[in-house]
1. Of all residues being assigned to a loop (DSSP other than H, G, I, E, B) and surrounded by 13 or more Cβ atoms within 10 Å (Cβ to Cβ) in the range 74-91, which is modelled with the highest pLDDT? Just the residue, please.
2. Give me the residue from the range 109-140 that is of a type in the set (D, E, K, R) and not in a helix (DSSP H, G or I) and, out of that set, nearest to Gly153 (Cα to Cα).
3. From the set of residues in the range 38-64 that are part of a helix (DSSP H, G or I) and surrounded by 19 or more Cβ atoms within 10 Å (Cβ to Cβ), which is modelled with the lowest pLDDT?
4. Going by what's in this entry, would Gly108 be described as of a type outside the set (A, V, I, L, M) and touching a helix residue (DSSP H, G or I) at 6+ places or on another chain (Cβ under 8 Å)?
5. Applying the selection to the range 7-31, what residues are surrounded by 19 or more Cβ atoms within 10 Å (Cβ to Cβ) and under 18 Å from Val118 (Cα atoms)?
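The values are calculated or read from the model by the stated rules, or taken from the named source; none is laboratory data. Every value quoted in this text rests on a predicted model; they were computed, and no experiment measured them. Neighbour counts run over all protein chains shown; Cβ positions are idealised from the backbone, glycine included.
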Amino acid sequence: MSVLLAWLRAAVYALWALPLAVGPVPPRLRVPRRLLGESVNPRRYSAPRAMWHSVLSAALGVVTWFFAFLAVLGGVRGLLYPLLTDGYENAWGGPTLAGAWSTHLLIGVVLVPVWLLVLAGLGTLQVHLTRAVLGRLGPRWPVAMVVLVCAAGVLLFLGWLAQV
């Protein structure tokens, strides 16, 4: 149960990081400690570091919100599949409505822990990013990882947009 709670807290932090990115620096350092128990020992505040953190954290926050949108979309589509589709003959689980609905519902339910794990991972990456840019100690790999995740998120968004 504590692992699930830790995942939920990290996922909440991932979603909360976007509004934090556009605010002042002290809450960016305080929220990880209060929500996750992860302390960030700050450097001296500098405008370039705060701006760099804002840009990277906001970009990762947008990717996080897109993943959350996909999770909600998948869950709602699974639950309300008969109301949201006009044809199910060639759908997964078709050619009957019951088969298509049960398949979409099962996929939507099975993917909930996967989506939660992805959001928790993005929240953990946000904490590492805060330590790397605003913290006194911490490796520099989170900056490169955030750039890669954001690039992959853009490609995923473009692919999703093309298939809609």
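1. Quick first cut of the range 74-91, residues assigned to a loop (DSSP other than H, G, I, E, B) only: 80, 85-91.
Filter once more, so that each one left must be surrounded by 13 or more Cβ atoms within 10 Å (Cβ to Cβ): 80, 85, 88, 91.
Working: Leu80: 80, Thr85: 73, Tyr88: 65, Ala91: 67.
Of everything passing the filter in the range 74-91, Leu80 is modelled with the highest pLDDT.
2. Of all residues in the range 109-140, those of a type in the set (D, E, K, R) come to 131, 136, 140.
Checking which are not in a helix (DSSP H, G or I) leaves us with 136, 140.
Details: Arg136: 29, Arg140: 21 Å.
Ranking the candidates gives Arg140 first.
3. Taking the range 38-64 first, the residues part of a helix (DSSP H, G or I) are 47-64.
Among the residues that remain, those that are also surrounded by 19 or more Cβ atoms within 10 Å (Cβ to Cβ) are: 53, 56-57, 59-61, 63-64.
Details: His53: 86, Leu56: 93, Ser57: 92, Ala59: 95, Leu60: 95, Gly61: 94, Val63: 96, Thr64: 95.
Per the criteria, the residue is His53.
4. Values: of a type outside the set (A, V, I, L, M): yes; touching a helix residue (DSSP H, G or I) at 6+ places or on another chain (Cβ under 8 Å): yes.
The answer is yes for Gly108.
5. Ala10, Ala11, Tyr13, Ala14, Ala17 - these are the residues of the range 7-31 that are surrounded by 19 or more Cβ atoms within 10 Å (Cβ to Cβ) and under 18 Å from Val118 (Cα atoms).
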